[in-house]
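Peer 1: This structure is in C-alpha cells; I'll ask about it shortly.
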Amino acid sequence: MGKNVFVNSGCRFQDQGGITIGDGALIGHNAVLATLNHDINPKKRSTMQPRLITIGKDVWIVANATVVPGVEIEDGAIIAAGAVVTQNVPPNVIAGGVPAKVLKKIEVNQE
C-alpha cells in the first residue's frame, strides 16, 4: 500500500493473489478487488487460481467497481462507478461499463 491512499467504507479486498496499491490512490464505497478465480473446467472448478491486482499511482476507483484477478490499472486512470474491470487499463483514461472499456483520455496538466 502506497502513501496517501484512501479506502472508503464497505470495500472488499480478497487478496490471496496479492494487491499492490500506488501512492495517492482513491478507492470508493463498496469497491471489490478479487484476486482469486476458479477454473472454468467443471471437473477442476474447486481449483483456485490466484493472480495479482496492481493499482497505479493516483488511480481513482469509484463506488461499486469490481476489479478481477490479474488486472493492472495504470497511473492516473479513473474507473467509473459500477464498472467491472476484466482487462488492463492504460494510464490517464476513464474506463467504465461491464466489462469496462476505455471511455475517454484524461488530459493531464503539468501544474
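Peer 1: Could you check residue 28 against (1) crowded, with 17+ Cβ neighbours inside 10 Å; (2) within 9 Å of the chain's Cα centre (by Cα) and say which number it fails?
Peer 2: Only one criterion is unmet by residue 28, namely (2).
Peer 1: Name the pairs: first residue in the range 34-52 and among the small types (Gly, Ala, Ser), second residue at pLDDT below 95, Cβ to Cβ under 7 Å, at least 6 apart or on different chains?
Peer 2: These pairs meet every condition: 34/14.
Peer 1: Okay, moving on. May I ask you to verify whether residue 70 is touching a strand residue (DSSP E or B) at 6+ places or on another chain (Cβ under 8 Å), at positive phi and open to solvent by less than 50 Å² (accessible area, probe 1.4 Å)?
Peer 2: Values: touching a strand residue (DSSP E or B) at 6+ places or on another chain (Cβ under 8 Å): yes; at positive phi: yes; open to solvent by less than 50 Å² (accessible area, probe 1.4 Å): yes.
Yes.
Peer 1: Another question about this same structure. Within the range 47-57, can one find any residue that is at pLDDT below 95 and in a loop (DSSP other than H, G, I, E, B)?
Peer 2: Yes: one or more hits.
Peer 1: Scanning the range 71-109 for residues that are of a type outside the set (A, V, I, L, M, F, W, C) and at pLDDT below 95, which turns out farthest from residue 54 (Cα to Cα)?
Peer 2: By that ranking, first place goes to 109.
Peer 1: Restricting the range 78-99 to residues that are without any contact (Cβ under 8 Å) to a residue 24 or more places away in the chain and buried (at least 22 other Cβ atoms within 10 Å of the Cβ), which is farthest from residue 28 (Cα to Cα)?
Peer 2: Ranking the candidates gives 89 first.
The values are calculated or read from the model by the stated rules, or taken from the named source; none is laboratory data. On a predicted model such as this, the values are computed, not experimentally measured, just so you know. So basically every Cβ, Gly included, is an ideal-geometry build from the backbone, and we count neighbours across all protein chains shown. When the accessible area is computed, the model is the full protein with side chains, heavy atoms only, and any ligands, DNA or RNA have been set aside. Shrake-Rupley method; radii C 1.70, N 1.55, O 1.52, S 1.80 Å.
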